[in-house]
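Some notes on the structure that comes next.
The values are calculated or read from the model by the stated rules, or taken from the named source; none is laboratory data. Here the structure is a predicted model, which is why all the values come from computation and not from measurement. As a convention, Cβ positions derive from the backbone with ideal geometry for all residues, glycine included, and neighbour counts pool all protein chains shown. What goes into the accessible areas is simple: the full protein's heavy atoms, side chains included, and nothing from ligands, DNA or RNA. Shrake-Rupley method; radii C 1.70, N 1.55, O 1.52, S 1.80 Å.
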Amino acid sequence: VIRQLFAQTPEARLRGYSPSRFSFNSAQGRCPQCEGAGQVKLEMNFLPPAYVVCDTCRGTRFNLETLDIEYGGKNIHQVLDLSIEEALAFFAAIPKVRRPLEALRDTGLDYLKLGQISPTLSGGEAQRMKLVTHLLSGLKEQADLFDQSSKRNLFILEEPTIGLHMLDVKRLVQVLQRLVDAGHSVIVIEHNLDLIAEADWLIDLGPEGGDAGGEIVSTGTPEHLARSKRSHTGRFLRALLPS
């Protein structure tokens with residue numbers, strides 16, 4: 001959608017630029033020296049290869065003709081360099097862009113860059129990005145993100161809170177709860193007590209780690225586990241849950 005917005009500007013239409021021109025995967029729009037990577041690989045004898053910023057595009061990944069086109073006073077590199085939070089303000093009037101950005105923010109990913117490449121994401125970030133993708137897939141522009149009439153899904157997440165600040169964990173819990181309220185099912189492998197305490201049903205594995213684990217210690221609601229004398233998870237939940 002962002003590429004389409006750039007292609008619809010008067011200057012881009014005058015030059016005949018299509019939306020694909022504003023992708024660094026396109027031979028037309030990307031820097032010919034680094035081929036859209038923004039970096040150049042230097043082979044080192046007897047040492048691992050080194051990467052330096054491309055001298056031609058100075059890390060922008062696009063050629064000069066593409067960077068000439070501006071939308072809202074910014075070229076495509078400057079837009080892709082915006083964080084999710086900054087992009088929300090920049091595209092506030094464009095629902096097709098704002099909706100997925102709001103979903104990213106609600107899962108605690110508002111600090112990521114629009115143009116951030118996937119290999120730089122942590123495991124938890126990649127999982128939450130995939131979650132947002134599923135949330136938005138197949139939905140019409142005007143459909144509510146958590147519409148009761150939408151298709152039911154099963155989400156399986158492993159440690160989605162890794163690397164999250166405490167406030168972001170709460171936001172992630174709210175998103176997962178809204179999914180459940182909309183009729184979806186969510187299974188989470190997790191150690192974060194704030195998320196565990198919000199679960200409808202827990203399966204506690206243990207009693208210890210490694211070879212001393214693998215057994216089902218207790219199952220039930222968080223309140224039930226908090227009363228279990230065998231469960232280490234329950235012991236910590238007792239201090240968290242209201243008595």
Query raised in the report: Taking the stretch 97-121 on its own, how many of its residues are modelled with pLDDT under 85 and either within 27 Å of GLY38 (Cα to Cα) or among the small types (Gly, Ala, Ser) (or both)?
Result: 1
Requested in this report: Look through the stretch 21-44, keep the residues that are on the phi < 0 side of the Ramachandran plot and under 23 Å from the mean Cα position of the chain (by Cα), and return whichever of them is most open to solvent (accessible area, probe 1.4 Å).
Outcome: ASN25
Requested in this report: Identify the residue in the stretch 188-213 that is open to solvent by less than 70 Å² (accessible area, probe 1.4 Å), assigned to a strand (DSSP E or B) and hydrophobic (A, V, I, L, M, F, W, C) and, among all such residues, is modelled with the highest pLDDT.
Outcome: LEU202
Report summary line: Selection from the stretch 92-131 of residues without any contact (Cβ under 8 Å) to a residue 24 or more places away in the chain and open to solvent by less than 20 Å² (accessible area, probe 1.4 Å) yields LEU101
Report task. Within the stretch 45-58, identify whether any single residue is buried (at least 16 other Cβ atoms within 10 Å of the Cβ) and within 25 Å of TYR17 (Cα to Cα), and answer yes or no. Result -> yes
Query - Single unsatisfied condition, GLY72 versus (1) open to solvent by less than 60 Å² (accessible area, probe 1.4 Å); (2) within 28 Å of the chain's Cα centre (by Cα) - result: (1)
Requested in this report: Have a look at LEU225, LEU202, LEU193 and point out the one that is in contact with a helix residue (DSSP H, G or I) (Cβ under 7 Å, 6 or more places away or on another chain), of a type in the set (A, V, I, L, M) and farther than 25 Å from HIS165 by Cα.
Outcome: LEU225
Requested in this report: Go through the stretch 43-87 residue by residue and tally those that are among the aromatic types (Phe, Trp, Tyr) and in contact with a His (Cβ under 7 Å, 6 or more places away or on another chain).
Outcome: 1
Query - PHE146 being at pLDDT 80 or above, surrounded by 14 or more Cβ atoms within 10 Å (Cβ to Cβ) and more than 15 Å from the chain's Cα centre (by Cα) - result: no
Query raised in the report: When you go through GLY220, GLY234 one by one, which is the residue that is in contact with an Asp or Glu (Cβ under 8 Å, 6 or more places away or on another chain), at pLDDT 90 or above and within 30 Å of ASP106 (Cα to Cα)?
Result: GLY234
Query raised in the report: Restricting the stretch 149-187 to residues that are among the small types (Gly, Ala, Ser) and open to solvent by 50 Å² or more (accessible area, probe 1.4 Å), which is modelled with the highest pLDDT?
Result: SER185
